[in-house]
Structure formats: structure tokens, C-alpha cells
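The values are calculated or read from the model by the stated rules, or taken from the named source; none is laboratory data. Note that the structure is a prediction, hence the values are computed from the model and not measured. We place every Cβ from the backbone using ideal geometry, glycine too, and count neighbours over all the protein chains shown. The accessibility values were calculated without ligands, DNA or RNA, using every heavy atom of the protein model including side chains. Shrake-Rupley method; radii C 1.70, N 1.55, O 1.52, S 1.80 Å.
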2 protein chains.
Amino acid sequence: MRSAYNELMAEALVVLSGGQDSTTCLFWALQQFDKVKAITFDYGQRHRIELDSARKIAELANVRHRILAIDTFSALGGNSLTTSDIPVPTDEEQDGLPSTFVPGRNLIFLTFAAAYAYQRNIQDLVTGVCETDYSGYPDCRQNTVEALQLAINLGMESHLRIHTPLMWLNKAQTVILAKEVGALDAMAWTHTCYNGQFPPCGDCAACVIRKRGFEEAGFEDPLLRRAAKSV
Amino acid sequence: MRSAYNELMAEALVVLSGGQDSTTCLFWALQQFDKVKAITFDYGQRHRIELDSARKIAELANVRHRILAIDTFSALGGNSLTTSDIPVPTDEEQDGLPSTFVPGRNLIFLTFAAAYAYQRNIQDLVTGVCETDYSGYPDCRQNTVEALQLAINLGMESHLRIHTPLMWLNKAQTVILAKEVGALDAMAWTHTCYNGQFPPCGDCAACVIRKRGFEEAGFEDPLLRRAAKSV
């Protein structure tokens, strides 16, 4: 997967949530760059288990990992991922933006990640956002990321590239990519369930999408194997 | 100053730092919009006196005011406005970016302000950034703000307008605008000094620029009048 132009692309920073997509990106980056660091945002997410997943996966991938706290979303309030009295939707039927939407969450994550990269002279940022399967989060789409990359580079006088290897893949293709880059074993430690459960609830929108992806790719989900063992 | 098109522009959110420029913008907004709110970011700035200024000015302007904490810049570190062991530059001679630069600080402020506005159905954001006198902060420039407005509107599926009434004014013109919009008395409570002093130190780059602006505009600085009384 490495090519000559990668010679110049020495170090990358991966935004690692502890989920399936960002874990795939982390292992993708390990193949693309000489050095890889990971950053995770502790923004008061209800499924705190994600942070443990991120730590474990960074350890498995043997990369330096920083968890950076962002308390401001909780102060802003108004969404079900950071406010515990709003119920999580149980299926994919949602009107407009999902109730798990934090306005601009991904804009903030990428801008803080860019600031962190800037301070370390890292010019490549990798994020697992995906338009094909963007689940109603408009700040995960290609045009948003392009506009933000421009705003960041103008605003920081930097030359940051934001890599989005999953942007146009569906979930099955992401699973196949995970296999190709050697991320499949680490999938056992990823967290996806919107209800924050291990073993995963299997019923929330996130669990359903993940399950379908593995089925279509034709692989067993290592997370479910680990879950079966733990019971 | 109001015109017919303002009929549709009912409510604005002003990013209020407690400084001279944002205070001018607050009073400008009061002339332009039916309703005005103000938001101030407590990002661990060394000159905490700014927060008191912002509170006092919002009170004088009789607008609802929210102070929102952003702890992440302190965690990122590496700049003299949030890290107390880095000396503040004493004059305007600086190589490249000033040491007071927090990479992407203004991108983050505007994005959080946009999220706050989004939740309240406010479509107009006002900020005192200024390209003429941008003091080396690239995220205060017109092209950065334009790119960010696009990123925000794509990322939040919103129709936010970011107003920058001071963008092309020099400091003297800003003082004249402050007079026109009735902000001059409130200037007595603004904070500018990089060293966080009241009475202002008079020697730091910020104090020098402010002093020159009032001199060129031909007005006495109400802050200095208040300072003289306080001694």
C-alpha cells in the first residue's frame, strides 16, 4: 500500500474514538506513514466505555496515545450522547438530524486535533468519517471536511491534509479494509453500541449497522466472539 | 443604521471577549438586530480580568450573557496566553506568529458560538475579528472566517451568517465606530492589556495599539479616565 510519495509523509495523527471506523483508520495509517500517533477526545460521551476501547486499541497498535478532554459540549447540552436524560433512539428511523447529534462536534474534534498536530509539526490527520454511512451527521461529509481543512489551513497558516480513507466505503467495505490492513483482531476491543453495553445490545442503530457490515463482508465480528467468551 | 433587510435578522449572538473590539461589536449589534445575546469563552486566559469586563459590559448593554468554559486549550498548552511560564512579548516585533497564538483558537470560538446559536435558532453571529489589525492571528482574517462559515454551515446544515463589522477598519476607525454606536462609555470597562493590569501597563503591544487608536480618532480613552480616578 505504500508508495513513493509516502516518503514525504512521515507522521500522522489519527483521531481514535475507540470505534470500528477509527480503529480501521489507525491500522491503515500504520501502513501509510512512518510514525503514527493517536488522539481521543473525552467530551463527556455517555458511552465512556469508548475511552477504554481507545486506550486498549492504541496499546495493541503500539502507538502513542493522548486523551484530550473537551468539557464544553456537556456545558452546551441538548443532545443524547452527552446528556443522560434524553433517550437514545432504538432504530434508524429519525426525523432529520439524529438526537445523538452534537452540533459541530466533528468540526471541533478536527480543529483541536489540527492544533495538536500543529504543535508537533505533524501535517497529516486521519479520521474515520464516512459519507456513505454518515448516519445523519453532516459534519462527517466530504464537503464539510474539505471546507474545514481550508479553514484550518488558513487559520493556522498550516498545510494539514485531512485523510478520510473510509469516506466513500460502505460498512462491508470498511470491514474488508480492516481485514486488509490487519485491524480485524483489534476489532474485538472496539466499541460501537449506542447504549454503551458489552456485550453489545444488538438492537440500537449502531449495533445493527455494524452487524450488517460484518455479515455482508463475510467475516465473523471479533467483538461478538469476545462477547460470547465473556458470558 | 437599520435598514429594511434587518427585518429578517431578528436575533444575533455576539462573541464578547471583554475587549475594545468585541464591545464595539456588541453595541453595533444592538443597533442592527432586534434581540442580542452575548457569549464569552473562559478558555483559561491568563488575563482573567477580561471575564469581569465581559460581565460588566453585558450588564451595561442589558443583554443576556453566557460564559462558556473551554478547558482544552490549557490541556493543549504551548502558548503564553494560557501557560503562565511563557513571557508575554513587550512590543510588536515578533517573528511570524506571536507567542500569544493559540493555534485555531478563533476557529474553536466561532464553532462553539455557532453550536450555541444553532441550539437557539439564532442565525447571526457577530465577532470583532479584524484583518487590518490582525496582529499575526491568521484565524482573524477574512478568508479564514469565510472558509469557516462554509464549514460550519455544511457541518451543521445551518444558514449562519458571521458578521465582522471591524474586519477592514483600523483601530482609529474602530474607535470612531464605537462612538457612533454608543459604545464609548462602555469602553471604560473593557480590558486590553496583555499583562492583565488595571490600570493598564501602557507598554505591551495591546496597550500601545489601543492608545494609538484613540489618539488618531481624537478621543480620550474612557478606560484611562477611569484608571486615573481609581489611583
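If the cut-off is 30 Å between C-alpha atoms, which lysines fall inside it for A:Lys35, apart from same-chain ones fewer than 8 positions away?
Output for A:Lys35: A:Lys56, A:Lys171, A:Lys179.
Which whole-Hz ³J(HN,Hα) couplings does the range B:138-148 yield from phi under the Karplus relation 6.51 cos²θ - 1.76 cosθ + 1.60, θ = phi - 60°, glycine and proline marked x?
3J(HN,Hα) across the range B:138-148, in whole Hz: x, 7, 9, 8, 3, 5, 5, 5, 4, 5, 5.
Rounded to the nearest 100 Å², what is the buried accessible area between B and A, both sides summed, probe 1.4 Å? Working shown, then result.
Values: alone 11270 and 11250 Å², together 19380 Å².
What B and A bury together is about 3100 Å².
When all alpha-carbon pairs of the range B:4-230 are counted, what percent fall beyond 22 Å? Mind showing how you got there, number by number?
Working: 12728 of 25651 pairs.
Summing the P(r) of the range B:4-230 above 22 Å gives 50 percent of all pairs.
Starting at the first residue of the range A:224-230, write each ³J(HN,Hα) from the Karplus equation 6.51 cos²θ - 1.76 cosθ + 1.60 with θ = phi - 60°, in whole Hz, x for Gly and Pro.
Going residue by residue, I get 6, 4, 5, 5, 4, 5, 7 Hz, with x marking Gly and Pro.
Between A:Val231 and A:Lys35, what FRET efficiency follows from the Cβ-Cβ distance if R0 is 51 Å, with the result rounded to 0.05? Walk me through the intermediate numbers first.
Working: r = 39 Å, r/R0 = 0.77.
With R0 = 51 Å, the Cβ-Cβ based efficiency is 0.85.
What ³J(HN,Hα) values, in whole Hz, does the Karplus curve 6.51 cos²θ - 1.76 cosθ + 1.60 give for the range B:38-47 when θ = phi - 60°, with x put for Gly and Pro?
With the stated coefficients, the range B:38-47 comes to 10, 10, 10, 9, 9, 10, x, 4, 5, 8 Hz.
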